[in-house]
Structure formats: structure tokens, C-alpha cells
Amino acid sequence: MTRKSVAFTIQAALLVVAAGALGVALWDVATGGFFFTFAGLRISSREAYKPWRIGMLAVVAAIAIRDWTTEPGKTTWARLPAWAPRIAAAAALGSLALGITFGLDAAGGSDAYGYVSQAWLWASGRVAAPNPLAALEPALGAAVAPIGYRLAPTPGAIVPIYPPGFPMTLAVALVIGGAGAIYYVVPALAALAVWLTYRLGARVDRPATGMIAAILVATSPIFMFHSFEPMSDVPVTAWWLLSWLAALSARDAGAILSGAAASLAIATRPNLVPLALVLAAAVALRPPRARRVALFAVATLPGCLLIASVNWRLYGSPLAPGYGPLETMFAWSHWKTNLPTYLGWLWQLNSPFVLLALAAPLITRTRDQIAMLAFCAVLLGCYVWYMPFAPWPFLRFLLPGIPLLLILSATVFMRVADRLPLAFRTVAVLLLCTLLPLHYLLKADSLKIFATRRSEHRYVAIGTYLGRTLPRDAVVLSMIQSGSLRLYGNQLTVRWDMLPADKLDAAVATLKGAGYRPYLLLEDWELPLFRDLFGKANRYGRIDWPPAFEYRDIGKVWIYEFADRERYFSGVNVAPRPVLPGS
């Protein structure tokens, strides 16, 4: 047999192995796996990543053998530039599919409720909402506003604390497609961000660089997690990527589009306005510099003016953010906590591969890539003195820079691949694009990212159930669900975390005196916080009686009626009623 015929036979065998292994992986995903006994041997497969890894390694080996026996002009390496946009488009569509499949269809917690409920305000032509508990403001203060809102400067109203850019985007979807369309906005913008990552990588280096970065962005745990949530992190990332791509165009229209995209980003996340200075510098890298920078600046103004006018209307000053005074959020000493925390999250969630970005300017020596690193440094500077957060999802603050870091890292990787023997160049790229995304997906699974939709459904289940079960004069003291109870249950709420530590009993008495029937909702993680805050100075703070309702699924939630405490200690049996996840 000739060398080519032997190679062809081996390739065919490897492709058969690949087809079989990938078929098993798909079966595992679709059915949860299988097992059977053959000749006394137990054969099983329940973890899709294992046959997937075998199948992709077989494909890699087949490609290596093919390129080893093929003329240089006909290797897969020569064809990779033509394949790259199709693969990147598939990654973008995959991101869209993941977002739709695993994304939330509920607005709970602070951010999601704040954005979605504010979208309803914008769609109805309002920027403030009436406060149904306005009469209790003198006694309860800011606690009468749900999470994601604050008291308006004018009495009797509450206003959202979040910037208007993303809620306005949701409002457009709401008006065009109805209530359900809100939850498709972030998956669609995630797909756009993946595609823009490819385009930007192809522009600053080559198509394969953009392809690698697009695949890694689409599978990055932090990006995937926030592509499932109706929050502003993925949208602001998409707008900054669009601004970058347009900034690298030599035409005046590119400078205008870059400024317009930066305007959208600023309206979405105003504290990132310093990043516009980096984009202005990138725009200025191409002549005519003065005119291009002027066009960029003019196009950026609408977002800045929108933020100033909304801040003035809602908070009394164009420079006043909804979150509160800046001195309560920023402190010089925070960098000691934030810097190692953010860098550690970046390493843990994106692997050491992302650190290759630091070498990109030294290897390529291009001004565009230096500007991209400067963008990431300024982005870190926007948060390094911000109040510290412990959970890993807060790496989302740096999300606009992660696609740029992956582009720069892919650039360095491609320079290394150029030095490999021709037969191993595509193999190196394929191994990277297989094994690192697999690592990302396993990391995401270990962080329960794919269970987010089920977990967040508790907001709908509990809100709907309590809305039809509690009496009309009920008021629920809650923290994280103080907004979703209003959205899904039309239920009045008071935030217990906004009450002074010695005023819980007084607040309950105030509600009873006003003719309300007070309840308390606590998630399992809130219970110790509540006891620590109120347990010493308030009899109700001890939570020493059974709940009236109980929700059990991925997490637990208890709803207590304050009046049950007296009944319980007088000998009356108090048995919790179950709130089913499908309620």
C-alpha cells in the first residue's frame, strides 16, 4: 500500500470513531445517557463531555494525518480563513440557542426586576411609579420602596435606581413583541457580541484569531451566565464591541457609528464613560484625526445627555446616580480587596490562557492592540475602588473587556501556531477550540449555571401563589423578593433590610395599626442575616415560630405570618402549607 492509501485508511477509521463518539455524546445530551450489559461487561455513558472529547480528538488526528500527506496549498490551514466566519457564525447562533434554552423568563432579585419593571414604565410613558405605601413613608422611610427602587424627590412616588439605557432597549422589545419579547433581548445581544468579537479579531489580526476569540467568548462561564439573565452586562459588552469595530474603520461613518455605539454603552452603564476616551484615542489613530474625533464626540453626546436629564428628573441632579452618593460606593482602600479578587476570578473562570493578552503588544507591536489593553486597564480602574463583592458573578463588571483579552490572547496563540510544522497548525487551533471550551462548559456546569432558570423560577412561583392566597390587606416584609412579589403577585411589600436594627417590632406594629396584615418572606440564605440584624433587639427577629408557607426546590423559602407567633406560643398548631415550584 502507498503512503497516501495508508493515510486514507487511518483517516477513515478515525472519522468512524469520531462519528460514533460524537453520536454517543449527542445521545447523552438528549436522553441523559445509557447503560447495558454485553458479554458480562457493563457499558454505559452518562457524561456527554467524555465521548465528545474522544470524538474531537479523533477528528484532530484525522486532520493532522490529512495535512501531513497533502500539498501545502490544499491543507486545512490554507482553508481555515474561509471556514472561520462560518464557524464564528455557528458560535453566535449557539450562544443565541443557549440563551433561549437556559435563559430566564422571570424578573427577580434586584437587577432583573429593576430593569424589567423599569421597561414597563418606559413603555407606558412614565419614569416614576406611584408608591402604594406612601402614607407610611414617615414611619418606615425608604423601606416602602422595593429592591431596585428608591423614594422619589417628590412625595408619593418611587423611582428606579438603574440607568435607562437597557430598560429602554427592553421597552422597545416590549412594545414590538409583547411581554415575552423582553427575555429574548439579552440572548440576541449575546449572539451579536460573539459575532462582533469575530469581526474585531479578524480586523486586528486575521479571521482565525477572530474565530478562536468568538468561540471562547460564547463558552466563557461568565459570559454564558449573564447571557441567561435580563441584565445590562451583555448588552453593554455588545455596544462597546460595536464601538471598537467601527472605530477601526478609516471612514468618517466609522467614527460616527463608533460614537453612537459608545453613546448606547454610556446610557446603559454611565460609570464607564471614561472608556469613551480610549475609543476616542482609537478613532484618532487614523487620519483625518481631528475630524474623526469630533464626529465621534458628537455621536457620543446623546447618551451622556440622556443620563444627565434622567438623573436630574429622578434624583434632583444631572450628576447624581440612582445608586446613591458616590462616597458610599467608592473608597481608596477597596483596591486591596478588589484587585486580587477580580484578577483571581478572571484566571479561574477564563483559564490562564487569558493572560497571553499581556504579551500581544510586545509580539504584534500594533497601536490598535495597545489601545485594547488600555481599554481593559481603564475598565478595571472603573471598578477597582468600587465597593467589594464576594460572589464570582460580579466579574460581570469586567465583561466588556473579556472579548478584547481573548482576541489579544488568540493573536499570540496564532503567532505560536505559525511556527509549528504545517501539519500541526490546524490541529493546534482545533485542540484549543475544543478543549478550552470543554473546560469552560464543565466549569459552568460545576457552578450550576445551567440550573439558573429553574432556580430563578421561584420568583414567579412564589409571587403568583402568594398573590392569589394572601388576603388583600397583606404586606410582606422581604428583601430579594420585594420586587418580584409586586410584579407577579401584585403584593404590597416592605424591605426589611432597610429598617433600623431595633425597629422591626415597631414596623410590624405600624403596619398592623394602619390596617395591614404583615407577613415575612425569607430565603434560606437570608434567614441568618435577618436573625443577626434583628434577633437581639426584637422579639420577631428571633424567628422562633413555624412558617405559614414553605417553598422547596433548589433553594428553600419560608413565609411567616407575624400573628402566628402569638398563636404558636399559646399552643395552637401552625403547620406550613407547601408552595409548589410549578405554582
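Got a sec? How would 233, 252 order by Cβ neighbour count within 10 Å, fewest to most?
In order of increasing Cβ crowding within 10 Å: 252, 233.
Full extension from residue 206 to residue 82: what is 0.36 nm times the residue separation minus their Cα-Cα distance, to one decimal in nm?
43.5 nm
Going by average Cβ density within 10 Å per residue, which order do the peptides 403-409, 535-541 take, highest to lowest?
403-409, 535-541
For segment 63-110 and segment 549-573, what is the centre-to-centre distance using only Cα atoms, to the nearest Å?
The two parts, judged by their Cα centres, are 51 Å apart.
Could you point to the residue in 557, 575, 500 farthest towards the positive end of segment 457-579's charge dipole, with +1 and -1 charges on the Cβ of Lys/Arg and Asp/Glu respectively?
It is 575.
Give the Rg (one decimal place) followed by the Dmax (whole number) of segment 457-579, computed from C-alpha coordinates and expressed in Å.
Expressed in Å, the Cα Rg and Dmax of segment 457-579 come to 13.4, 37.
Farthest toward the dipole's positive end in the chain, which of 276, 388, 463, given Cβ charges of +1 (Lys, Arg) and -1 (Asp, Glu) about the Cα centre?
Of the listed residues, the answer is 276.
What percent do you get for the relative contact order of the chain when only Cα pairs under 8 Å and 6+ apart count?
Answer for the chain is 15 percent.
May I ask you to derive the FRET efficiency for residue 455 and residue 529 from their Cβ-Cβ distance with R0 = 25 Å, giving the value to the nearest 0.05?
After rounding to 0.05, the efficiency reads 0.85.
Sort 337, 411 so the one with the fewest other Cβ atoms within 10 Å of its own Cβ comes first.
The order, fewest Cβ neighbours first, is 337, 411.
Which angle between 0 and 90 degrees, to the nearest 10, do you get for helix 111-123 versus the longest principal axis of the chain when only C-alpha atoms count?
Value to nearest ten degrees: 80.
Given the Cα-Cα distance of residue 127 and residue 154 and 0.36 nm per residue of separation, how much length would full extension add, in nm?
8.4 nm
Before rounding to the nearest 500, sum -39500 (n - 2.57) across all DSSP H runs of length at least 4 in the chain and divide by the residue total; then give [θ] at 222 nm in deg cm²/dmol.
Computed ellipticity for the chain at 222 nm equals -19000 deg cm²/dmol.
Alpha carbons only, please: Rg and Dmax for segment 240-344, in angstrom.
Values for segment 240-344 (Cα only, Rg and Dmax): 16.1, 44 Å.
For segment 504-530 and segment 347-364, what is the separation of their C-alpha centers, rounded to whole Å?
Segment 504-530 and segment 347-364 have Cα centres separated by 50 Å.
If you wrap a convex hull around the alpha carbons of segment 166-453, what volume per residue comes out, as a whole number of Å³?
141 Å³
Between residue 446 and residue 305, what is the spin-label point distance in nm, taking each point 7 Å from the Cα along the Cα→C-beta axis?
5.1 nm
I need the trypsin sites (Lys or Arg not before Pro) found in segment 431-488, filtered to DSSP loop residues with at most 14 other beta carbons within 10 Å of theirs.
448, 472
Where the only charges are on Cβ atoms (+1 Lys, Arg; -1 Asp, Glu), what is the dipole of segment 166-453 about its Cα centre, to the nearest 20 debye?
I would put it at about 600 debye.
If I model a spin label as a point 7 Å beyond the Cα along the Cα-Cβ vector, how far apart are those points for residue 41 and residue 501 in nm?
6.6 nm
Can you tell me the order of 199-211, 49-61 when each peptide is scored by its average per-residue count of other Cβ atoms within 10 angstrom, highest first?
Descending mean neighbour count gives 199-211, 49-61.
Express the Stokes-Einstein translational diffusion coefficient of the chain in µm² s⁻¹, to the nearest whole number, given a Kirkwood radius over alpha-carbon pairs, 25 °C and a viscosity of 0.890 mPa s.
The estimated diffusion coefficient comes to 93 µm²/s.
Each value in this text was obtained by applying a stated rule to the coordinates, not by laboratory testing. None of the values given here were measured: they were computed from a predicted structure. Positions of Cβ are backbone-derived with ideal geometry, glycine not excepted, and every protein chain shown enters the neighbour counts.
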